[in-house]
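Structure, as structure tokens:
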Amino acid sequence: MTKKNPNTKYVFVVGGVMSSVGKGVAAASIGKILQSKGYRVANIKCDMYVNIDAGTIRPAEHGEVFVGEDGVEADQDLGNYERFTDQICTRDNYITTGQVYLEVIRRERNLEFNGEDVEVVPDIPNEIIRRIKLCQQKNKAEIVIVEFGGTVGEYQVLLFLEAARMMKMKDPENVFSIMVSYLPTPSLLGEPKSKPTQYAIRTLNSAGLNPDFIMCRSDRPVTDSIKNTISNVCSLPKERIISAPDVNSIYDVPVNFEAEKLGATFLKAFGLRSRKNELKDWQELSQKIKGLKKEVKIAIVGKYFNFKSCRDTYISVIESINHAAWFNNRAPKILWLDSEEFEKDPKKLNQLSDVDGIVVPGGWGSRGVEGIILAIKFAREHKKPFLGLCLGMQLACVEFARDVLNKKEAHTVEVNPKTPDPIIGINKRQAENVKHNRYGGTLRLGAYPCELKLGAKTQIAYDTKEISERHRHRYEFNNDYREMMEKAGLKIVGINPEADLVEIVELEKHPFFVGVQFHPEFKSRPLVPHPLFREFMKVSIGK
């Protein structure tokens, strides 16, 4: 195991009076900036819920489930960490209350506490600390940024704050706290108010911590007057009160922070010096995004639009579309289309006539499936560039079987277990999991290899014959239908060599009709768009 660096810095990012104001992007931006100064960083997300992971939580409830290279099903913030720092996240970057209690109870059952009684404090905070330091060791990180979900005043965050306090007490020179707090602007007053932030600071004080930095989230830049007020309340130099106004793109955030000299301020507080300054490519991207005038219109046909923000539900898909559009010098315009609306009124499919490309992302269950199939048929027949992800690939195969192979009752067994033509089936291992109600962490998860057919559109896009992509699914293409599908024009161009599973399908005589069983959106980066999204976008804009 890597020896502990005695000078490792730990930075805890906590929320103020409101959640969902950008802690994840702030934590990712801090990682990016410190990385650009020449330091090895690691980002950790701590979620307060008792779930072991995010895999069993509805996307409409908690947003996208982000899948790491090792198969961890995590909070969407790990996606931001990867996109900003270009570092692979694993289960070591993700901690939940459920994981912590499960491990403490396991150790108690195995007599690993040597007969001592096990108490919530200090044993639960100690397990949190152990996990944080394990992540530091595995990543050989010089600076670890730990984001706490929720807000400082919530009961369930207290044990995580206690872990931060205990670390601060033992190592005060190397442990720091950042509060990301919202400054509301009442419409009748027209200026941000700092009282909620002041209250949040006092709440953090009650947990034994004082913020070392305050990031002021607001709809506009924070004035010196407000900075002075907050500085006095929390006894901080004014330069540690950072303005974090709303921006058009999350990729503007590190650039805005650097305009406030955040990197230099952090390093000064940490007692460190800058080793380099390499944020130029990020700054150029930020400027490029602002200058794009020509648009590309992409429809996302999904089924999670009625409950929570579409942006949270499909964040990695959205960002992958953005990356590819910017790479092709276009401003992305995304049209949200609820597949259930197509089921109620098929005439609404005409909305797809005006788009440049169609993306069908992943999903679960039977709701809205027939509407998605109608949209896929439209894309196939009208030669619209189409990219199907996971469920999108599966339903593309079902639609092809129904309409081209004339198998009118073809389906996926997830929706219709008694279909006479199970185009999408379930392997024996997954069938056993379902039979015995083993759902959490039992999907086909994480990175798997795929061999590409030479000359296929996807192979040309990747510019290699072997790839590795991340998966999150339980159902698979039924190999009994491979030969007849291929003869009819839906080509199998990507295969998992270990289990002979279909990974990629392509339609002949179509500008771009590709379905993939995996989730390429998890590996796209703002400066390096994913090859499939990049090629899909290239065809969508008519290149």
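The values are calculated or read from the model by the stated rules, or taken from the named source; none is laboratory data. Just so it is clear, the model here is predicted, and its values are computed rather than measured. Methodologically, a virtual Cβ is constructed for each residue, glycine included, from the backbone with ideal geometry; neighbour enumeration extends over all protein chains shown.
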Test result for residue 160, under 27 Å from residue 131 (Cβ atoms) and either in contact with a Lys or Arg (Cβ under 6 Å, 6 or more places away or on another chain) or outside any strand (DSSP E or B) (or both): yes
Can we say residue 261 is touching an Asp or Glu at 6+ places or on another chain (Cβ under 9 Å) and either on the phi < 0 side of the Ramachandran plot or in contact (Cβ under 8 Å) with a residue 40 or more places away in the chain (or both)? no
Of the numbered conditions (1) closer than 24 Å to residue 154 by Cα; (2) out of contact with any Phe, Trp or Tyr (no Cβ under 8 Å at 6 or more places or on another chain); (3) of a type in the set (Phe, Trp, Tyr), residue 213 fails exactly one; give the number of that condition. (2)
So residue 360 ticks every box in (1) in contact with a strand residue (DSSP E or B) (Cβ under 7 Å, 6 or more places away or on another chain); (2) of a type in the set (A, V, I, L, M); (3) at pLDDT below 95 but one. Which box is left unticked? (3)
So, of the residues in the stretch 491-542 that are in contact with a helix residue (DSSP H, G or I) (Cβ under 9 Å, 6 or more places away or on another chain) and among the basic types (Lys, Arg), which turns out to be farthest from residue 332 (Cα to Cα)? 491
Scanning the stretch 117-153 for residues that are touching a strand residue (DSSP E or B) at 6+ places or on another chain (Cβ under 7 Å), outside any strand (DSSP E or B) and under 26 Å from residue 106 (Cα atoms) gives 128, 131, 132, 135, 136, 139, 149
Single condition residue 400 does not satisfy, out of (1) over 22 Å from residue 317 (Cα atoms); (2) of a type outside the set (Lys, Arg); (3) touching a helix residue (DSSP H, G or I) at 6+ places or on another chain (Cβ under 8 Å); (4) free of Cβ contacts under 8 Å to residues at least 60 places away in the same chain: (4)
Kindly evaluate residue 128 against the criterion of being β-branched (Val, Ile, Thr), in the same structural domain as residue 267 (by TED's automatic domain parsing) and over 27 Å from residue 524 (Cα atoms). yes
Residues in the stretch 77-112 that are more than 13 Å from residue 45 (Cβ to Cβ) and either basic (Lys, Arg) or exposed (fewer than 13 other Cβ atoms within 10 Å of the Cβ) (or both) total 8
Just one listed residue, out of 180, 222, 253, 233, is without any contact (Cβ under 8 Å) to a residue 40 or more places away in the chain, of a type in the set (Val, Ile, Thr) and closer than 30 Å to residue 287 by Cα, and it is 222
Just to be sure, is residue 480 acidic (Asp, Glu) and on the phi > 0 side of the Ramachandran plot? no
The helices (runs of 4 or more DSSP H) lying entirely within the stretch 218-306 that contain at least 1 residues which are under 24 Å from the mean Cα position of the chain (by Cα) are 253-259, 280-291
Residues that are surrounded by 24 or more Cβ atoms within 10 Å (Cβ to Cβ), closer than 17 Å to residue 320 by Cα and in contact with a helix residue (DSSP H, G or I) (Cβ under 6 Å, 6 or more places away or on another chain): does the stretch 387-394 have at least one? yes
Here the qualifying pairs (Cβ atoms under 6 Å; residues six or more apart or on different chains; first in the stretch 322-335 and in the same structural domain as residue 360 (by TED's automatic domain parsing); second part of a helix (DSSP H, G or I) and surrounded by 21 or more Cβ atoms within 10 Å (Cβ to Cβ)) come out as 324/533; 324/537; 325/537; 328/537; 332/321; 332/322; 332/325
If we keep only residues of the stretch 176-213 that are β-branched (Val, Ile, Thr) and part of a helix (DSSP H, G or I), then the residue farthest from residue 10 (Cα to Cα) is 197
I want to confirm something. Restricting to the stretch 443-475 and keeping residues that are surrounded by fewer than 16 Cβ atoms within 10 Å (Cβ to Cβ) and among the β-branched types (Val, Ile, Thr), which single residue is farthest from residue 499 (Cα to Cα)? 460
